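This report concerns only the one structure given below.
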């Protein structure tokens, strides 16, 4: 059974330890547009059609975290800029596949709250 009308991910929630620090990472290093805050512990950003919600832990939050992959024009350039600002990469930029004649490049790092994130282009 499929749900009619589902076309894209509308919002993704990422649990963070320090909201102010995370807001700086997502705004200043990834360049996402800050939409609004919802006190006491939520911040929202726009990433294409998807809204990103940063959230302080509430109740019984999951211990793990999915990897979010952010599309960029040039993984190598994004890696270079972010590394120059102190971001530590767990996986350097590399070609992971060729799809329809285009090379797909990926790099993996952690955000300010130790969540894995991917930068992908192609």
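Just one of the numbered conditions (1) more than 28 Å from residue 7 (Cα to Cα); (2) assigned to a loop (DSSP other than H, G, I, E, B) is not true of residue 90; which one?
Of (1) more than 28 Å from residue 7 (Cα to Cα); (2) assigned to a loop (DSSP other than H, G, I, E, B), only one is false for residue 90: (2).
Among the residues of region 20-31, write down those that are crowded, with 16+ Cβ neighbours inside 10 Å and farther than 17 Å from residue 116 by Cβ.
23
Any idea which of (1) in contact with a strand residue (DSSP E or B) (Cβ under 8 Å, 6 or more places away or on another chain); (2) at pLDDT 90 or above; (3) outside any strand (DSSP E or B) is the one residue 81 doesn't satisfy?
All conditions are met except number (1).
Which is closer than 22 Å to residue 108 by Cβ, within 16 Å of the chain's Cα centre (by Cα) and modelled with pLDDT under 95, of 49, 91?
91
Can you work out which of the residues in region 95-121 that are part of a loop (DSSP other than H, G, I, E, B) and in contact with a helix residue (DSSP H, G or I) (Cβ under 8 Å, 6 or more places away or on another chain) is surrounded by the most Cβ atoms within 10 Å (Cβ to Cβ)?
Once the filter is applied, the top-ranked residue is 111.
The values are calculated or read from the model by the stated rules, or taken from the named source; none is laboratory data. Remember, predicted model here, so these are calculated numbers, not experimental data. Don't worry about glycine lacking a Cβ; one is built from the backbone with ideal geometry, like all the others, and counts go over all protein chains shown.
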